[in-house]
1. Counting DSSP beta bridges in the chain, what percent are antiparallel, to the nearest 5?
2. Based solely on its DSSP helices, what 222 nm [θ] is calculated for the chain when runs of n ≥ 4 H residues each add -39,500 (n - 2.57) and the sum is averaged over all residues, nearest 500 deg cm²/dmol?
3. Viscosity 0.692 mPa s, temperature 37 °C: give me the Stokes-Einstein translational D for the range 149-211 in µm²/s, with Rh taken as the Kirkwood radius over C-alpha pairs.
4. Need one number: nm distance between label points at ARG24 and SER82, each 7 Å from Cα along Cα→Cβ, rounded to one decimal.
5. Scan around VAL101 for amide H atoms under 5 Å from its own, H built in the peptide plane at 1.01 Å from N, and keep only partners 5 or more places away or cross-chain.
6. For the chain, the longest stretch holding no GluC sites (Glu not before Pro) located in a DSSP loop with at most 15 other Cβ atoms within 10 Å is which?
7. P(r) tail for the chain, what percent of Cα pairs lie past 21 Å?
8. Would you mind ranking HIS35, HIS204 by Cβ crowding within 10 Å, fewest neighbours first?
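Values in this text are rule-based calculations from the coordinates and carry no lab data. Please read these numbers as outputs of a predicted model, since none were measured by experiment. In this analysis, Cβ positions are derived from the backbone assuming ideal geometry, glycine residues included, and neighbour counts consider all displayed protein chains.
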Amino acid sequence: MVAEPIPFKEQIPVVVCAADPLSRAGITSQLRRAHGFSVAPVEEPPSGAVALVVADAMNDDVASDIRALRGRGVARIVLLVSRLDDRDLLAAVEAGVSGVVRRSEATAGNMAAAIRSAAAGEGTLSPDLLGRLLRQVGQLQRQVLTPRGLTFSGLTERETAVLRLLAQGKDTAEVGRQLFYSERTVKNIIHDVTSRLELRNRAHAVAYAIREGLI
């Protein structure tokens, strides 16, 4: 009986970003010994690379490193961090981090799983960090967005209602009658949305809202 050949799996390029040279060297060594990964240069990351950012805490310097990585085209970033309070966790997510692993839990298997998840476009958070993040998001919604009539989409409820009716093919007069707004109010709402989101016109605004899943 002839064994079937094992299919070749492309290696995931990983960029290691750490201020501490010992940490960088240790993690680089682990990745080079692991199957399925290759270490890529920070200065010229290849397409599809995952960045592993190593830090003691999420601070301005780390946020700057993450922004620099994203500027080089690295869209998938895993943060390996020693300490992380609630504010830091939210800041990491806002910076574009797709996975967070505590250094105290950073086994070779956990790091590999987080890198693979990031490469697949998925996120990695331990259950307690996920719970803390959800509490932060809920607090932000209750204390900041809701009092201002905003949602996480960046649109108010009435802006969403106007765009939804426009998407149904209604003109501004029909939208105004259905929502009990003047036609001038509807036009002002459309102008506010297109100006704030830098969209060309109402058709562009509707297309944007549909594409982003806002309506």
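1. Bridges in the chain are about 5 percent antiparallel.
2. -15000 deg cm²/dmol
3. The calculation lands on 286 µm²/s.
4. 1.8 nm
5. Under 5 Å from the amide H of VAL101: LEU79, LEU80, VAL81.
6. It runs 44-121.
7. 64 percent
8. By the 10 Å Cβ count, ascending, the order reads HIS35, HIS204.
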